[in-house]
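Data first, discussion second: the structure below is written as structure tokens.
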There are 2 protein chains.
Amino acid sequence: MKTLRLALAQINPTVGDFEGNVSKIIYYIEEASKAGAQIVTFPELAITGYPPEDLLLKPQFIEDNLDALNKVQGNVGDITAIVGFVDRKDDIYNAAAIIYNKTLIDTYHKMYLPNYGVFDEYRYFQADARCPMYKIGDTWVGVTICEDIWYPEGPARLQALAGAELVININASPYRIGRGKSREDMLSVRAFDSMVIVAYLNTVGGQDELVFDGHSIVIDQSGTVIARGKQFEEDLIVIDLNLEAVMMRRLHAPRRRKEVIKLGKEAVEKISIPVEKTSYEKRRVSRLRLSSLEHTVLEPKEEIYRSLVLGTSDYVFKNGFKGVMVSLSGGIDSSLVASIAVDALGKENVTGLFMPSPYTSKESREDVYALRDNLGIKVVEVPIDNIFKSYLEALKQEFQNLPEDTTEENIQARTRGNILMAFSNKFGWLVLTTGNKSELSVGYATLYGDMAGGFAVIKDVPKTMVYELCKWKNNKEGRAVIPERVLRKEPSAELRPDQKDTDTLPPYHVLDPILKAYIEDDKSFDEILSLGCEVECVQNVIRMIDKSEYKRRQAPPGIKITQRAFGRDRRFPITNRYRGH
Amino acid sequence: MKTLRLALAQINPTVGDFEGNVSKIIYYIEEASKAGAQIVTFPELAITGYPPEDLLLKPQFIEDNLDALNKVQGNVGDITAIVGFVDRKDDIYNAAAIIYNKTLIDTYHKMYLPNYGVFDEYRYFQADARCPMYKIGDTWVGVTICEDIWYPEGPARLQALAGAELVININASPYRIGRGKSREDMLSVRAFDSMVIVAYLNTVGGQDELVFDGHSIVIDQSGTVIARGKQFEEDLIVIDLNLEAVMMRRLHAPRRRKEVIKLGKEAVEKISIPVEKTSYEKRRVSRLRLSSLEHTVLEPKEEIYRSLVLGTSDYVFKNGFKGVMVSLSGGIDSSLVASIAVDALGKENVTGLFMPSPYTSKESREDVYALRDNLGIKVVEVPIDNIFKSYLEALKQEFQNLPEDTTEENIQARTRGNILMAFSNKFGWLVLTTGNKSELSVGYATLYGDMAGGFAVIKDVPKTMVYELCKWKNNKEGRAVIPERVLRKEPSAELRPDQKDTDTLPPYHVLDPILKAYIEDDKSFDEILSLGCEVECVQNVIRMIDKSEYKRRQAPPGIKITQRAFGRDRRFPITNRYRGH
């Protein structure tokens, strides 16, 4: 039976860390060789990390990336390695190097460049229009990069029609809710339509606002998933592909007219890469098992929680921080962030800061300390009363005869921000902010106050989802890690007596669908009304969203989990008179 | 003699303000008609304002833009109006409507979309490949949009070869130092090469980080500038074009072989727009003079200063603020910002805040009050001593036995930030921050401290340029508006005894060229060394730049004046291990 042993190295590179990325790639080439693989493949831009953004405009960076590829090349023996890097010809290209026996056999250039959402690839790369395929051992293999596979008539289709039995697609595809399923569905259709095995390799790891979720898959010629990599972890997937089944499917498919697609003269090139057919048989299969479907897809809440954990740990550690500090209020947002931080970094690397004011309730204090005990973290307490009074004293003359308003609330929030940052400066801890997407959307947050910090873990998590994640976490642990009362009590900023979020905002179960409709789905005012909301409520919410763009522009980065996050993903003018209603 | 009277309406639209923009356009159509113009043209995306960014992803926004164009159309009589808007066919296009007598004659779609620097046009628009021209009265006219004219073989060339005598190019081209000259040079070559009159119309006004500088020009068939609009102000340029001279130049040009450029079947269309030749002769020429070269280009320092003034006034007023507050330290940066604010908004709309600490020198106090008197603004004084002490007291236990460091400096800066924002909240004033580009580049600024505020006026102005602008301003006024001592004394943050900027940074005349080489010119480490800098100095500076990306991500927006500003213009990863040396 004609088979091919394929290894997908689902690695976690770091942007700009050529030395680290090269070491990792070489390590996995060796592991794949030990496992007897004929091909080992690495993610899109594995050499540079993804996305390198404007580093790509530095000629020296491109040069250093070529040097790094060269180091990898020198370590490729009797195995075909496919490695994502930046190629430089007349211009620069998002590319895959095909390397065998220390030789660069060929380079594939990405044909379809994404330039929407978080992607800016037209800013950097030229697209190419050449789709070669390669004979590796007995097998014809096509190589494609990320976006290429999303086009039904893209290179994978051409390669399959020209005879490719396997199409490898290397990716740096960011996580968002439901993305894993939609990828599996699309890839299944591609494999089925073209009667070809599709091996989809994704990178894994956090990079600023993005989390790459791994979740690589191999799909056979009938559209069935036959292997699946871990989500949110590095993995080496090794699988034996049955290539005779590909030909069988083609022979036994209903005798439809063979589609004719005009291939340009250069569209398909054939390059023969000699792989000794028997070479891998001599080797022992390493400790790595041959992949099968042992990894099922995580259930939705766990998937989201895990993405937040990975995004946090990679941001903290890749940026060289030793620990983090979280301001604990006794509320649900800070409780969730502390829980994520502990799962991401270990409890010894998380310090809570409790900064009570006269408006802080007894319950909040109890809940902070209950959470501390449940998570096993240290909590420092610094009351803000006296500092707050010293501000009021200093401003007394200028503010005399003026009524109290949000000014005094914001002074408290900014005092807390100042204290948090003092700890950050003194001990070198990163401050994790605790605001959720609902608050940030409507500007229910104090700039330089509770928004002060280096990384906003749940900035893309709507408040209703915050509750669900806490419930999931407690359920998963079999105990109330996040104290039960925190899930039950009414949300409050506790910046004035008896304050409730609903003094200012609609209830979150009403607010969140409006936010999704407006921010993620670009719905018009009338379309949002048709969701069953009150006219005035929708007008207020939209006005609050538009008016607080200036705050979001100064918010710390945080992890994208929805269709559209704030940050690189949503580029909105601050100066903007459009109301749309 | 065959002539055509052309009007260029160099207007200042506001993003999303359909009502305001339509009124303005209709007003200028009337003015141009009164002036007897046969054609009146408006800037790129005049209907929506530029750049609308992700508003373009909202279907309702596109619809409202079409409605707005429709209103304009209903107000066009016996004149041809060319109006920038977003067209919607199978997709959306950056377009120009050609309207005559309440009728939409045709729509031109931009062919070349910029997707670099601050531009993201591939994120939104499709490019088209159709370049029609129009017979308006007796004259063949080509219409192009912005980027189109930067390509030597772009539509303007095709149109001229097909017989166009006038090419109109509508723009939203942002200011940066030297841009006006490079535009004039390029356009002069285009006109000369194609022996065609080029009418270049730019928008004017501030939009978040960008300032559009106006500076529209008309260039005749020999490459000579024959009319020039004001810089940094709205203007209506009306000019009589001598079209016979175009034919004469073509007849008398050296008899070079006529270049043959293959025009696609659709490449040039001819649409005849009937304009009664005599109609304008009946009208009186309005109060508007026919443009000639009365506007010379501003000298470089004034140009920069004026761009900062316009960027500030438009940010403040377009966002509905009544006034601003500036923290005055007695240093040169805050003095310059206050001076710009007064020129932008009027002295009655600018309040200074002086927040002395024990480290504030007697000289600084004197210079703050001298500046106040020179500018005629109000200054409020709020000392921070007691607040600072209350922080130290609250943190005493946690920080005991630890040496003082930048933590204590930052507490002071953040206390000032908190007080500033309290005034902003209480009185509704926008806070202008005072940091310059040199500081922001190396992170010599306190996040949530001196970086706190809504708009960073001089964030793209290097420190050495700050000095030059102050000198220019004093010279221009014929008196030391910015006190002489402010220009002479050594820069200090005054956050600890005897502190000087040079304790931490190289002198600014050494620092600024390194910053330009690294940030604007993407020079490598070795190339920067070849400027004659010390190895260690360059290493330190690059390290400081890279390490402070997280601060810049949370900085307020400010006005771009250089080749590459921080913000939309420079997209850098925070998580980034690349060192390049």
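Taking (1) within 14 Å of chain A (Cβ to nearest Cβ); (2) out of contact with any Phe, Trp or Tyr (no Cβ under 9 Å at 6 or more places or on another chain) in turn, B:L113 satisfies each apart from (2).
Restricting attention to the range B:373-397 and to residues that are surrounded by fewer than 18 Cβ atoms within 10 Å (Cβ to Cβ) and part of a helix (DSSP H, G or I), the residue that is nearest to the other protein chains (Cβ to nearest Cβ) turns out to be B:N386.
When each of A:F525, A:F572, A:F566 is tested for being within 30 Å of A:D314 (Cα to Cα), hydrophobic (A, V, I, L, M, F, W, C), within 12 Å of chain B (Cβ to nearest Cβ) and more than 20 Å from the chain's Cα centre (by Cα), the lone residue that passes is A:F572. Filtering B:V337, B:V342, B:V309 for residues that are of a type outside the set (F, W, Y), more than 14 Å from chain A (Cβ to nearest Cβ) and surrounded by 24 or more Cβ atoms within 10 Å (Cβ to Cβ) leaves a single hit, B:V337. Quick test of your reading of the structure: B:G478 fulfils all but one of (1) out of contact with any Leu (no Cβ under 7 Å at 6 or more places or on another chain); (2) surrounded by fewer than 22 Cβ atoms within 10 Å (Cβ to Cβ); (3) within 29 Å of A:M421 (Cβ to Cβ). Name the failing condition by number. Among (1) out of contact with any Leu (no Cβ under 7 Å at 6 or more places or on another chain); (2) surrounded by fewer than 22 Cβ atoms within 10 Å (Cβ to Cβ); (3) within 29 Å of A:M421 (Cβ to Cβ), B:G478 violates only (3). Here A:K471 clears all of (1) more than 14 Å from chain B (Cβ to nearest Cβ); (2) surrounded by 24 or more Cβ atoms within 10 Å (Cβ to Cβ) except the condition numbered (2).
Across the range A:153-177, the number of residues qualifying as farther than 22 Å from A:L4 by Cα and in contact with a helix residue (DSSP H, G or I) (Cβ under 8 Å, 6 or more places away or on another chain) comes to 5.
Scanning the range B:439-466 for residues that are among the hydroxyl-bearing types (S, T, Y), surrounded by 24 or more Cβ atoms within 10 Å (Cβ to Cβ) and more than 13 Å from chain A (Cβ to nearest Cβ) gives a single hit, B:S441. I want to confirm something. Restricting to the range B:345-365 and keeping residues that are within 30 Å of the chain's Cα centre (by Cα) and among the aliphatic types (A, V, I, L, M), which single residue is surrounded by the most Cβ atoms within 10 Å (Cβ to Cβ)? The extreme case among them is B:V350. Kindly indicate whether any position in the range B:36-49 is more than 10 Å from every other protein chain (Cβ to nearest Cβ) and either assigned to a helix (DSSP H, G or I) or in contact with a His (Cβ under 8 Å, 6 or more places away or on another chain) (or both). Within the range B:36-49, not a single residue is more than 10 Å from every other protein chain (Cβ to nearest Cβ) and either assigned to a helix (DSSP H, G or I) or in contact with a His (Cβ under 8 Å, 6 or more places away or on another chain) (or both). Among the residues of the range B:87-107, are any crowded, with 18+ Cβ neighbours inside 10 Å, outside any loop (DSSP other than H, G, I, E, B), within 14 Å of chain A (Cβ to nearest Cβ) and not polar (S, T, N, Q)? Yes; the residues of the range B:87-107 include at least one that is crowded, with 18+ Cβ neighbours inside 10 Å, outside any loop (DSSP other than H, G, I, E, B), within 14 Å of chain A (Cβ to nearest Cβ) and not polar (S, T, N, Q).
Here B:D120, B:D148 are screened, and the one residue that is buried (at least 22 other Cβ atoms within 10 Å of the Cβ), among the charged types (D, E, K, R), within 28 Å of A:N115 (Cβ to Cβ) and touching a Gly at 6+ places or on another chain (Cβ under 8 Å) is B:D148.
Could you go through the range A:529-537 and let me know if any residue there is within 12 Å of chain B (Cβ to nearest Cβ) and over 25 Å from B:I574 (Cα atoms). No, there is no match, as no residue in the range A:529-537 is within 12 Å of chain B (Cβ to nearest Cβ) and over 25 Å from B:I574 (Cα atoms). Quick check on A:E165: is it buried (at least 22 other Cβ atoms within 10 Å of the Cβ) and charged (D, E, K, R)? Taking the combined requirement at face value, the residue satisfies it. Considering the conditions (1) within 14 Å of chain A (Cβ to nearest Cβ); (2) within 29 Å of A:K547 (Cα to Cα), B:N349 is excluded by exactly one of them, (1). Taking the range A:523-534 as the range and being crowded, with 17+ Cβ neighbours inside 10 Å and either outside any helix (DSSP H, G or I) or of a type in the set (G, A, S) (or both) as the test, the residues that pass are A:K523, A:S524, A:C533.
Among the residues of the range A:188-238, those that are more than 14 Å from chain B (Cβ to nearest Cβ), aromatic (F, W, Y) and within 18 Å of the chain's Cα centre (by Cα) comprise A:Y200, A:F232. Scanning the range B:126-153 for residues that are free of Cβ contacts under 8 Å to residues at least 60 places away in the same chain and part of a loop (DSSP other than H, G, I, E, B), which turns out farthest from B:M195 (Cα to Cα)? Among those residues, the one meeting the criterion is B:Q126. Can you name every residue in the range B:535-572 that is in a loop (DSSP other than H, G, I, E, B) and acidic (D, E)? Of everything in the range B:535-572, just one residue is in a loop (DSSP other than H, G, I, E, B) and acidic (D, E), namely B:D569. One residue stands out among those in the range A:204-230 that are more than 27 Å from B:Q554 (Cβ to Cβ) and of a type in the set (S, T, N, Q): the one that is surrounded by the fewest Cβ atoms within 10 Å (Cβ to Cβ), which is A:T224.
Restricting attention to the range B:527-565, the residues that are touching a residue at least 40 places away in the same chain (Cβ under 8 Å) and more than 23 Å from B:V431 (Cβ to Cβ) total 9.
Could you tell me whether the range A:418-435 includes any residue that is farther than 23 Å from B:L395 by Cβ and either under 20 Å from the mean Cα position of the chain (by Cα) or part of a helix (DSSP H, G or I) (or both)? Yes, there is a match, as at least one residue in the range A:418-435 is farther than 23 Å from B:L395 by Cβ and either under 20 Å from the mean Cα position of the chain (by Cα) or part of a helix (DSSP H, G or I) (or both).
Every condition in (1) more than 7 Å from chain A (Cβ to nearest Cβ); (2) surrounded by fewer than 24 Cβ atoms within 10 Å (Cβ to Cβ); (3) under 29 Å from the mean Cα position of the chain (by Cα) holds for B:E409 except the one numbered (3).
Filtering B:L495, B:L511, B:L487 for residues that are out of contact with any Leu (no Cβ under 9 Å at 6 or more places or on another chain) and outside any loop (DSSP other than H, G, I, E, B) leaves a single hit, B:L487.
Values in this text are rule-based calculations from the coordinates and carry no lab data. From a predicted model like this one, the values you see are computed outputs, not experimental measurements. Don't worry about glycine lacking a Cβ; one is built from the backbone with ideal geometry, like all the others, and counts go over all protein chains shown.
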